[in-house]
1. Please list, in chain and number order, the residues 5+ apart from CYS204 or on another chain whose amide H is under 5 Å from its amide H, with Hs placed from the backbone.
2. Based on the Cα gyration tensor of the chain, what are the three equivalent ellipsoid semi-axes, each the root of five times an eigenvalue, rounded to whole Å and given largest first?
3. Whole-Hz ³J(HN,Hα) for each residue in the stretch 52-65, computed from phi via Karplus 6.51 cos²θ - 1.76 cosθ + 1.60 with θ = phi - 60°, x for glycine and proline: what do you get?
4. For LYS326, give me every one of the lysines with a C-alpha distance below 19 angstrom, ignoring sequence neighbours fewer than eight places off in its own chain.
5. Does the stretch 252-386 come out rounded, prolate or oblate, given a ≥ b ≥ c as the square roots of the eigenvalues of its C-alpha gyration tensor, rounded meaning a/c under 1.5 and, failing that, prolate meaning a/b above b/c?
6. No solvent, one uniform scatterer per C-alpha: report log10 I(q)/I(0) for the stretch 188-332 via the Debye equation at q = 0.14, 0.15, 0.19 1/Å, two decimals.
7. On a 0 to 90 degree scale, rounded to 10, what angle separates helix 145-185 from the longest Cα axis of the chain?
8. In Å and on Cα atoms, what radius of gyration and Dmax does the stretch 3-142 show?
Amino acid sequence: MNRRAYSEWEPRSLASLGTYLNGFAFKPQHWGENGLPIVRIRELLDPTVEPDRYEGPTAEPYLIEDGDLIFSWSATLAVVFWNRGPAYLNQHLFKVTPAPDVNVRFLHHLINYHLDRLAAKSHGTTMKHVTRGDLDRYLIRLPGLDEQGAIAELLDTLDCQIRISNELVNKLRLQANGLVDDLVAAIPAEQREPLAHLCVADICYGIVQSGEFVAGGVPVLSIRDLSGDFETDLHRTKPAIDAQYRRSRVAPGDVLLSIKGTIGRAGVAPEHYTGNISRELARLRFGKNILPEFARLYLLSREAQRRLDLAVVGTTRAEVSIHVLKKFGFPAPSPECQQRMVAVYRSIERRIVAEEKEREKLRTLKLGLASDLLTGRVRVPAVVSS
């Protein structure tokens, strides 16, 4: 470490580097179909998650805009710049406004660098969370504004390379989806049957009104959970309500399709999930002749999405009725054909995994450089000259 340089940096607490405004505790009664998105931890970290929305009286202090620095301080610790337009911030997230002598991009890198140490010092055994008191007690040294800007610029450059890698991964995913579309188009028309004929249980939607969240209750999947891990932030209902909807309980391998609001999201229930589904989802339990992963790929194909759009009814909120869904013509090629289709898709997924490993190398490189620069071990001019 360049001790002389580091000693010139001002001792500060993380709390003193800005203001940390916690989001609002939005409840189910605040959720609506219109209005601005409600940003929870999942929505912050995954842009594909379908958000709930709030259309009530303006909650100005909790409004976030592009460029705002958001700190997830509970369960999953992360700090990111918001870039998806106006939205409302939910609890367990801080909106961080830097102090006048702090560069916001430097602050972003600084908090990111110290997240692991913050997690180690944080409260909770199963769910970590960082309090303002933790930020008060956590001490760092702060360089001057010019040096902050230079450090941030270097680390931003690596972030840019990581984003390029992300874009390549996204292109590969588009390629995979295009391949699925081509394979689906090649399935002969005569190899299609009504969806109800291919299922071994009645096609049904889930719980109409699951009520308030019940700690320890029965998990109820919603649309946004189809892109998750089927564990985190699930709504839970009373066992008595679940008992009224035994017909829609989910078993491993069930294919779940969104049929109300956002149409056409699909997922496959994993082995570990035990619970029910919401009114917005339909449960499809296929027989042995249809592979669940093939069914998911088909439902996400351009052809299936177009046909689902044509089946939509309703003006205020889109919906595909169960009656129509049961008659939905579904491809039923041989199991061997399905396996080949899934195998080809997985081959592209392996390329995606390889690129993701390269991206991980970049992240490791950035972590090492951040350690050098943010601790004063290496001065910015030395890095630039090399």
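FYI, it's all coordinate maths here, none of it is from the lab. Computed from a predicted structure; not experimentally measured. FYI the Cβ positions are ideal-geometry reconstructions off the backbone, even for glycines, and counts take in every protein chain you see.
1. Amide H to amide H, under 5 Å and 5 or more residues apart or across chains, CYS204 pairs with ARG283.
2. Working: eigenvalues 405, 137, 60 Å².
They are 45, 26, 17 Å, listed from largest to smallest.
3. 6, 10, 10, 10, x, x, 4, 10, 3, x, 9, 6, 10, 10
4. Here the lysines satisfying the reach criterion relative to LYS326 are LYS260, LYS288.
5. Working: a/c = 3.04, a/b = 2.18, b/c = 1.39.
Prolate.
6. Values, matching the q order: -0.62, -0.71, -1.13.
7. 10 degrees
8. 16.0, 57
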